[in-house]
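In what follows, a structure is listed as structure tokens, so that the remarks can point back to it.
The values are calculated or read from the model by the stated rules, or taken from the named source; none is laboratory data. Everything quoted here is computed from the prediction, not taken from an experiment. Every residue, glycine among them, receives a Cβ derived from its backbone with ideal geometry; neighbour counts consider all protein chains shown. For accessibility, only protein heavy atoms count, side chains too; no ligands or nucleic acids. Shrake-Rupley method; radii C 1.70, N 1.55, O 1.52, S 1.80 Å.
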Amino acid sequence: MAEIDIGPGLPAGLDGMRHILLKLTASDANRAAAIRKAAEQRAAEWNILFPGEFPDAAPLPVIAATCSERRLHAESEQIFRVITAVGQAVTAAAQAEPLTLVLRRTAALDLPTLRAVPHLVERAALCGAPLRLVLAELDPDGPDANADGAELSAAGPAGGPDAALDGFGDAAQERSAIRRLYLTALIDRLGAPVEPGEPAPAASTPAAPAVRPPSREREALDALRAAASPEAAVAAAIALMRAAFFTTHHDIGVLAAHRLLAEADRHPVLNTRAVQLLLEEWDLGDDPGSVGVDASAVTSADALRSLAHRYLGMVHVFVLDYRTGATHLRRAAGLGPAVVRARAQLLLALLLIKRVRRVQEGFAAADAGLTALAGDTTPAAVVEAAWLHNVKALGHVQLRDGSAAMTEERIAVRLIGKLTSTDATHLKVNLISNISVLKEYARQPEAAVRAWRRFSRRSTEWGDTFFKHHAYREAGLLVAAGDVEQARPLLAESRRLAELAHDDFYGAHMALERGTLLLTAEPDHAARAFADAEDHAIALGDPYLRALAVVGSAAAAGEIGDAPRQEAAALLEASTSYPEQSARLAAALAEGTDDELRAFLPAPRTKLNRPFATVRLAFPERA
């Protein structure tokens, strides 16, 4: 039995996974060897968990995408890949030596580790690993769920690092709400398969772990706790917000944002240049275009307040609490210089248009941002204006007004045509891509292909990850235009790039779709594609995708008989990631015709992005 206790104090993002791996590695030589072998196969992900472990591995940010503030997109391919790498290592350890894994203080685990728990259960069931998982102290309302937030409080003269929150009531409430969402969703997702553990007697509960593995988030946590000046506290809070964004450890980001608000309130006159210099010393890492939390945000106390509220708004949107998110974004939009206010208006407009479908209110928010920027020709202002026109285009798409949407996109293109900053380049990619999408929505697939190819001529400096998505989209457009022959080599190239990056997730989806595409005309080639899809699904630990591959292979052989139906049905019993799809497919396997089952096989689309369902917890929408 391996008993994991993260100990008192705030965990950094991914810390729970780190402690599990360290404990298992130390517990048994066979397990250690199995984990090392799994680590070597996933070196890029391992370097996120244990920086520098594999110095020659490609950086994960080059391979996989993060979540995105600009698009209010909570999915992180990077964290998905880290979680699945941990799942591979833990199940390998269990196969080396049967394993009972007891997680103590489960309710206090970092949020990414909570998301990893159902993946461990699902993967173990799929591969028959002798893994028994016991979760102790899981109660969403228990003392462990929200313990130790005081570590980020600003300790007064009578306090210390463990002093009370000292007026951080909103921070505690917001963190509590987010953790409750995660814990409730975890319990709902797992249902019966996981065994609840009894709380350990206080005397036997292990103390804080002797080793706290280094990470950007841990470094920022420690720096914020030890900050000796307002400027040091502000810099550490911003660094922590950014690190928590990239690990998706959102409740710690919330505490850091509230600390930033408190410092701005207590010290309305800050040495902003000192804060900027301190931030420049941090290795903030990752994609600079994904989130606007950096030294450029430090210009005044009001700019810091706007940044904090914008961040809080983003986090609440990520957990589908739209009402609270909108409240914070409106506060952010009323603070700071014009560019800062405009960025908050952009996110508010995006929330209103994309998520809650109140398009006219979204237009009003975007127009308010454009009004704030009127007459400002600095590059930063021009980029913000272009983003606002881009989100207005999305609103016109919602209203099915393609002509107005195209007008907004062209305005945005003209605004940033000669700019070369990271943010401007990121937007150019979006804009030229969106012009192709508008042609597609207008049911002009040939024109969409031509627009996309013009885009490709501007994209020669992008890496393999970009071209994986790029080739896939062009192939999908060609299929929509009826040109399967030109599409086939592009689909093959996209899949080759996925395999080059050890990308079993998109590899499985593309192999399934290629099998469906070839099923009627070339069943032998389709059978090979479905076999590839099954290999990817096994490596990924995804029973639902494997069940689809089994159905596809049987269809390619000519008949979906009793044996493949039973095999696929058994796989679906292990699936928790796709509950609705699994239920429908299981019903069709029991009573449906072969044609009804073939209808479940996915055809190629025009965008590769898919939700990372195996590590996604479902939250209720609150508009």
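Annotations for the structure displayed:
- Enumeration of residues in segment 234-289 that are among the polar types (S, T, N, Q) and either farther than 22 Å from residue 423 by Cα or surrounded by 22 or more Cβ atoms within 10 Å (Cβ to Cβ) (or both): 247, 248, 271, 272
- Inter-residue pairs, beta-carbon under 6 Å, first in contact (Cβ under 8 Å) with a residue 12 or more places away in the chain and open to solvent by 10 Å² or more (accessible area, probe 1.4 Å) and in segment 494-521, second part of a helix (DSSP H, G or I) and of a type in the set (Val, Ile, Thr), 6+ apart: 501/63
- Options 364, 349, 332: the member that is of a type outside the set (Val, Ile, Thr) and in contact (Cβ under 8 Å) with a residue 40 or more places away in the chain: 349
- Residue 342 vs. criteria outside any loop (DSSP other than H, G, I, E, B), out of contact with any helix residue (DSSP H, G or I) (no Cβ under 7 Å at 6 or more places or on another chain), small (Gly, Ala, Ser) and modelled with pLDDT of 90 or more: no
- Residue 588 being more than 24 Å from residue 74 (Cα to Cα), of a type outside the set (Lys, Arg) and within 26 Å of the chain's Cα centre (by Cα): no
- Among residues of segment 249-273 that are in contact (Cβ under 8 Å) with a residue 40 or more places away in the chain, those with a Cβ under 8 angstrom from a residue that is among the charged types (D, E, K, R) and not in a helix (DSSP H, G or I), sequence gap 6+ or separate chain, pair up as 249/110; 252/110.
- In this entry, residue 42 is excluded by the filter for residues that are open to solvent by 10 Å² or more (accessible area, probe 1.4 Å), without any contact (Cβ under 8 Å) to a residue 40 or more places away in the chain and touching a Ser or Thr at 6+ places or on another chain (Cβ under 9 Å).
- Output for segment 534-553, where each listed residue is under 18 Å from residue 594 (Cα atoms), open to solvent by less than 10 Å² (accessible area, probe 1.4 Å) and of a type in the set (Gly, Ala, Ser): 547, 549, 552
- Test set (1) at pLDDT 90 or above; (2) not in a helix (DSSP H, G or I) - residue 397 fails condition number: (2)
- Some residue of segment 458-468 being loosely packed, with under 14 Cβ neighbours inside 10 Å, part of a loop (DSSP other than H, G, I, E, B) and at pLDDT 85 or above: no
- Segment 93-117, residues that are in a helix (DSSP H, G or I), surrounded by fewer than 22 Cβ atoms within 10 Å (Cβ to Cβ) and either free of Cβ contacts under 8 Å to residues at least 60 places away in the same chain or polar (S, T, N, Q) (or both): 95
- Applying a threshold of 8 Å to beta carbon distances and a minimum spacing of six or more residues, or different chains, the list of pairs starting in segment 237-248 at a residue that is over 20 Å from residue 65 (Cα atoms) and ending at one that is basic (Lys, Arg) and surrounded by 24 or more Cβ atoms within 10 Å (Cβ to Cβ) reads 237/259.
- Of all the residues in segment 469-493, those that are open to solvent by less than 50 Å² (accessible area, probe 1.4 Å) and of a type in the set (Lys, Arg) number 1.
- Residue check, residue 259 under 18 Å from residue 174 (Cα atoms) and touching a helix residue (DSSP H, G or I) at 6+ places or on another chain (Cβ under 9 Å): yes
- For segment 211-237, a residue qualifies if it is part of a helix (DSSP H, G or I) and either among the β-branched types (Val, Ile, Thr) or touching a strand residue (DSSP E or B) at 6+ places or on another chain (Cβ under 9 Å) (or both), and exactly one does: 234.
- Restricting attention to segment 495-518, the residues that are under 16 Å from residue 568 (Cβ atoms), of a type in the set (A, V, I, L, M) and touching a Phe, Trp or Tyr at 6+ places or on another chain (Cβ under 9 Å) total 1.
- Number of residues in segment 240-275 that are assigned to a helix (DSSP H, G or I) and over 12 Å from residue 298 (Cα atoms) equals 23.
- Residue within segment 68-83 that is over 14 Å from the mean Cα position of the chain (by Cα), open to solvent by 10 Å² or more (accessible area, probe 1.4 Å) and of a type outside the set (Lys, Arg) present: no
- Scanning segment 587-622 for residues that are more than 23 Å from residue 517 (Cα to Cα) and among the aliphatic types (A, V, I, L, M) yields a total of 6.
- When 617, 601, 597 are checked against the criterion of being assigned to a helix (DSSP H, G or I) and touching a Leu at 6+ places or on another chain (Cβ under 9 Å), a single residue qualifies: 597.
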